Every structure is written in structure tokens, then in C-alpha cells.
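Trainee: So that we are looking at the same thing, I have put the structure below in C-alpha cells.
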Amino acid sequence: MSQKKIFLVIVAISTVSLLLHHGGHFSWTMEALHLGCPSLRTHPSFSLKPKHTNVAFLKTHKTASTTMQNLLFRFAEHHNLTVALPVQACGHQFCYPRTFSTHLVHPHTLPPNVVTSHMRFNHAEMQRLMPNDTIYVTILREPGSMFESLFSYYNQYCQSFKRVPNGSLEAFLDEPWRYYRPDENDSMYARNTLTFDLGGDKDHPEADVAAYARAFVAKTERVFSLVMIAEYFDESLILLRHLLSWDLEDMLYVKLNMRTSGSKHSLSPGLPAKIRVWNNLDARLYDHFNTSLWHQLAALGPACVARELRLLRRAQEKLVRGCFGGGLPQLRSAAQIKNKELRPWQPSAKVDIVGYDLPTNTNATQPGRMAHELCLKLIMPEVQYTRVLLRSQSLRYRRSYPLRSPQPQQPIRSVLSRRQHVGMQPMHRQAPPPGPGPALSPTATPRPPGTQSRATRVGLRSPGPQRKTP
């Protein structure tokens with residue numbers, strides 16, 4: 001046998017041995033290789049190509065973004081990454097609807113690799129916070145279904161919705177300017193919410209709205225490497241996996257922060273069109289990036305995408321069954337969930353947000369049974385998971401500086417030594433929204449010394465209770 005043939009045989013045996021060693025990757029990797037999916041040929045199990053770990057996900061409202069946030073939280077924990085989290089005075093969001101500033105980041109969560117909590121986007125401030133190679137991602141949802149969800153979820157908080165007789169979506173859309181006040185607290189939930197979250201002008205004058213929309217779409221496209229679409233969540237995850245060079249196992253999830261069918265209202269004929277007219281900027285954003293998503297999927301190859309979707313859903317079902325005793329999880333109301341760490345926050349008595357509870361006989365030693373901690377985090381709601389992450393990162397921070405003596409807190413930017421400091425604009429006080437409970441604390445015990453004074457030093461007044469926004 002020639003030396004070339006001997007070499008090829010050795011390479012083949014080594015490759016198969018490596019794939020078998022990685023067990024769970026074997027079947028889906030070989031299936032994808034057979035198809036010729038480009039990025040899977042450089043799977044980290046047998047490639048030097050590293051995973052990209054600096055990610056900024058703009059968490060938008062009522063777009064399945066809580067599910068995406070949970071995925072990123074778990075990835076960060078698994079890879080020992082730092083997640084930027086809000087100062088305690090902000091609760092679990094970066095003092096939304098204030099425009100994001102690095103002042104709002106908890107000092108124990110610096111410098112970060114990942115950021116994914118609710119904020120009003122400010123690209124300049126994000127560039128000061130995040131590494132230069134950060135990949136920016138966000139998610140949009142079809143305006144009709146999104147606005148119905150916003151109207152239902154925030155009906156008891158947003159005055160533009162609350163003053164509508166009988167809580168009628170039809171009545172609001174018949175005469176929106178009768179109820180809508182642009183400068184009112186929480187008005188961002190009542191018009192062009194996606195545009196507002198992205199840092200745009202939700203009430204741009206109609207005279208040149210088309211030109212403004214084109215410029216804003218172009219700006220968004222320059223900043224964000226991927227704009228996911230909620231209606232095609234799995235397809236978006238395939239693109240994200242390729243963009244970040246992540247494993248299939250990094251993309252697994254269960255749906256979180258869902259309403260019961262009784263909390264949803266079907267849209268009568270004509271309403272979707274009225275919603276698009278009222279939320280014209282959001283509609284333009286969605287139309288553009290929905291088209292863009294399908295162009296990217298076409299470039300990847302329809303057959304490759306279809307195969308990866310099957311592999312993703314197969315692995316997801318295996319994970320879920322492993323966590324829930326071989327069956328599929330049953331959605332439960334908050335009152336039915338025994339573990340308080342798994343109870344989703346309820347926006348009002350008129351809206352029922354459901355969650356999950358793990359089987360009481362969880363035993364990680366059983367064949368096929370997933371680790372309890374993994375399963376717990378998979379279904380943990382946003383508020384509780386944020387608190388858990390802040391606690392763990394604060395402990396890590398204190399261990400890193402055990403001999404650090406109390407001293408006046410330096411400005412946040414001094415900790416972010418990656419870039420030159422530039423002056424920060426003063427924050428303008430804005431009336432805070434209502435909410436479910438007190439601001440988050442990194443532990444269930446009293447706050448660590450100096451933590452509360454940190455909120456005072458950065459010029460924040462405690463906004464009081466802050467509600468959950470999915």
C-alpha cells in the first residue's frame with residue numbers, strides 16, 4: 001500500500017474515533033457533513049475555529065426575546081463568561097425606558113462578554129461597554145400579533161391602553177390619537193415599540209416618515225449582524241449558530257413567558273392593516289428584515305437549513321424529555337408551580353403567564369436524565385435568572401479581589417479599560433414604571449456593603465418596583 005493510502009486510512013480512522021469520542025455530536029455532524037453544510041464542516045469538535053463569545057442581544061418587547069435571553073444566559077454560565085447586568089436600582093432591566101448608559105451596569109458584572117437585558121439601545125454607549133469584536137443581534141415580530149400582545153400585556157400599565165373603554169383593541173385602533181399621548185409614561189408600548197427599543201423616534205413626523213424609515217432601517221442593518229424573526233425562531237437560530245460558530249447543543253431552548261390562549265385575542269378582519277398603519281415604522285422594519293432573513297437562509301442552502309432544523313428539533317426533544325421524566329413539559333399557571341424560583345411574573349389579573357415545574361422525582365443518576373441544574377435553568381423565568389446570575393457574578397467578583405479595601409467607587413468607565421474614556425452625558429430623570437416587586441438584589445440576604453451606595457453614586461434614585469417585560 002502506498003504511503004498516500006496509508007496516510008488517508010490513518011486520517012479516516014482518527015476522524016471517526018474523534019467523532020465517536022464526542023458521542024452526542026456524531027449523528028448530527030455526519031448527517032450535516034453528508035449534506036455539505038458549510039459551517040458544520042468546521043464544527044468545534046474537530047476544528048480549531050473557536051466559538052464567538054462576545055455577543056450583544058437587544059432584547060425587544062413581546063418578540064420571544066425572553067426565550068433567547070435564557071439561551072444566552074445558559075451559554076454564558078456554561079462557558080464562564082461575564083454577563084452585563086443592571087445596577088440594583090434598575091431591577092432586571094437597564095432602567096428602561098431610559099436610553100442605555102454604561103452608568104447603568106452593575107460594577108460586579110464588568111467587563112462583560114454578553115449583554116441581553118432590556119434596554120433602549122444606544123450604540124455609542126454599547127461600544128464603550130463591549131469588546132470591539134462584539135456581534136450585535138436582535139429580534140423582531142410581525143406587527144399585528146405583536147401589538148395584540150402588547151395591548152393585552154400592558155393594558156393595566158400603559159395609560160394609552162388603560163383609558164380605552166372596555167379595554168377594546170378595536171376602539172383604540174379606530175381613534176388612536178384619542179387615547180395616545182406621545183410624552184406619557186409607557187407610551188412606548190402603544191406605538192412603534194420596536195423602533196423605540198432600537199433607539200429610534202417612535203413619533204417621527206409623517207411629513208418625511210418614509211425617508212426616516214429608510215435611513216433607520218439602513219442604520220439598523222449596519223449595526224446588527226443578524227436580525228432574528230420571531231415567527232421563524234428556529235430558522236433564525238440556524239443563522240445565529242453559523243454566525244457565532246456555536247454547537248447545536250448551544251441553541252437548545254424551551255419557550256418562556258407565554259400567555260394562555262384565554263389571554264389572547266384574535267384579530268378581526270381589518271385590524272392587522274390598522275395596526276400596520278399605526279405602527280408604520282415597526283412595519284417597515286419587520287418587512288425589510290423578514291425579507292433579509294430569507295435571503296440569508298437561501299444563501300445557506302434550503303436543503304442544509306432543512307436538515308439543521310430537523311437536527312435541532314431532534315436534539316431539543318431529547319433534552320426536554322430528559323428534563324421532564326421522558327415526557328413533554330406541561331404548561332402550568334404560576335399558582336400551580338411549587339418552586340417559587342420557576343413562577344413567572346404576572347402582569348395583571350387579566351393576563352395569565354404560564355411556566356413549567358420540574359418533576360418532583362428528578363434523579364440525575366437515571367439513564368437519560370439531564371442534570372437538575374441544567375433543567376432548572378432551562379425553564380427559569382427572567383427575573384429569577386437575573387438574580388441568580390448577579391449573585392454568582394458578585395461572588396466571583398469578590399473572590400477576585402479578596403484584599404480590596406473599601407474606597408470611593410470609581411466611575412464605571414474606569415473599569416472598562418479597553419477604550420479611552422469620554423465624557424458621559426447627564427441622565428435625565430424620568431418617571432419610573434410600576435412593577436412586581438423590589439429591585440433585584442444579588443443575594444436573598446441583605447445587600448453586600450457598598451452596593452446600595454453604588455446606585456446612589458451613579459446618580460440613580462431607586463425607581464421603586466419595576467414590572468417584568470418579556
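Trainee: When the residues of the stretch 313-329 are narrowed to those that are basic (Lys, Arg) and farther than 17 Å from residue 238 by Cα, which ends up surrounded by the fewest Cβ atoms within 10 Å (Cβ to Cβ)? Before the answer, list the steps.
Mentor: Of the residues in the stretch 313-329, the ones basic (Lys, Arg) are 313-314, 318, 321.
Checking which are farther than 17 Å from residue 238 by Cα leaves us with 318, 321.
Numbers: 318: 14, 321: 16.
Here the answer is 318.
Trainee: Which residue, of 145, 149, 117, 160, is in a loop (DSSP other than H, G, I, E, B) and either at positive phi or among the polar types (S, T, N, Q) (or both)? Lay out the reasoning, then the answer.
Mentor: Working: 145 fails: in a loop (DSSP other than H, G, I, E, B); 149 fails: in a loop (DSSP other than H, G, I, E, B); 160 fails: in a loop (DSSP other than H, G, I, E, B).
The match here is 117.
Trainee: Going through 253, 286 one at a time, which residue ends up being in contact with a strand residue (DSSP E or B) (Cβ under 9 Å, 6 or more places away or on another chain), surrounded by 19 or more Cβ atoms within 10 Å (Cβ to Cβ) and either touching a residue at least 12 places away in the same chain (Cβ under 8 Å) or over 26 Å from residue 384 (Cα atoms) (or both)? Show your work before the answer.
Mentor: Details: 253 fails: in contact with a strand residue (DSSP E or B) (Cβ under 9 Å, 6 or more places away or on another chain).
Being in contact with a strand residue (DSSP E or B) (Cβ under 9 Å, 6 or more places away or on another chain), surrounded by 19 or more Cβ atoms within 10 Å (Cβ to Cβ) and either touching a residue at least 12 places away in the same chain (Cβ under 8 Å) or over 26 Å from residue 384 (Cα atoms) (or both) holds for just one of 253, 286, which is 286.
Trainee: Name the residues in the stretch 256-275 that are outside any helix (DSSP H, G or I), without any contact (Cβ under 8 Å) to a residue 40 or more places away in the chain and small (Gly, Ala, Ser), would you? Can you show your working first?
Mentor: So the first thing to find is which residues in the stretch 256-275 are outside any helix (DSSP H, G or I), and the list is 256-260, 264-270.
So of that shortlist, the ones also without any contact (Cβ under 8 Å) to a residue 40 or more places away in the chain come out as 266, 269-270.
Residues satisfying the conditions are 266, 270.
Trainee: On to the next question. If I filter the stretch 75-90 for residues that are under 30 Å from residue 173 (Cα atoms) and touching a residue at least 40 places away in the same chain (Cβ under 8 Å), do I get at least one hit? Quick ask: steps written out before the conclusion?
Mentor: We begin by selecting, within the stretch 75-90, every residue under 30 Å from residue 173 (Cα atoms); these are none.
No; the residues of the stretch 75-90 include none that is under 30 Å from residue 173 (Cα atoms) and touching a residue at least 40 places away in the same chain (Cβ under 8 Å).
Trainee: Which residues, taken from the stretch 185-213, are open to solvent by 50 Å² or more (accessible area, probe 1.4 Å) and either assigned to a loop (DSSP other than H, G, I, E, B) or in contact with a strand residue (DSSP E or B) (Cβ under 9 Å, 6 or more places away or on another chain) (or both)?
Mentor: Those that are open to solvent by 50 Å² or more (accessible area, probe 1.4 Å) and either assigned to a loop (DSSP other than H, G, I, E, B) or in contact with a strand residue (DSSP E or B) (Cβ under 9 Å, 6 or more places away or on another chain) (or both): 185, 201, 205.
Trainee: Would the stretch 68-82 turn up any residue that is in a loop (DSSP other than H, G, I, E, B) and in contact with a Gly (Cβ under 9 Å, 6 or more places away or on another chain)? Break it down stepwise before answering.
Mentor: Kept after step one, since they are in a loop (DSSP other than H, G, I, E, B), are these residues of the stretch 68-82: 79-82.
Next, only the ones that are in contact with a Gly (Cβ under 9 Å, 6 or more places away or on another chain) stay: none.
Looking for residues that are in a loop (DSSP other than H, G, I, E, B) and in contact with a Gly (Cβ under 9 Å, 6 or more places away or on another chain), one finds none in the stretch 68-82, hence no.
Trainee: How many residues does the stretch 120-142 hold that are over 17 Å from the mean Cα position of the chain (by Cα) and either buried (at least 24 other Cβ atoms within 10 Å of the Cβ) or assigned to a strand (DSSP E or B) (or both)?
Mentor: Counting residues in the stretch 120-142 that are over 17 Å from the mean Cα position of the chain (by Cα) and either buried (at least 24 other Cβ atoms within 10 Å of the Cβ) or assigned to a strand (DSSP E or B) (or both) gives 1.
Trainee: Let me ask something else. Has the stretch 27-43 got any residue that is hydroxyl-bearing (Ser, Thr, Tyr), open to solvent by 20 Å² or more (accessible area, probe 1.4 Å) and at pLDDT 95 or above?
Mentor: no
Trainee: Still on this structure: I need a count of the residues in the stretch 257-283 that are at pLDDT 95 or above, closer than 18 Å to residue 230 by Cα and out of contact with any Leu (no Cβ under 6 Å at 6 or more places or on another chain).
Mentor: Total satisfying the criteria: 6.
The values are calculated or read from the model by the stated rules, or taken from the named source; none is laboratory data. These numbers come from a predicted model, not from an experiment. So basically every Cβ, Gly included, is an ideal-geometry build from the backbone, and we count neighbours across all protein chains shown. Please note that ligands, DNA and RNA were not included when accessible areas were found on the heavy atoms of the full protein model with its side chains. Shrake-Rupley method; radii C 1.70, N 1.55, O 1.52, S 1.80 Å.
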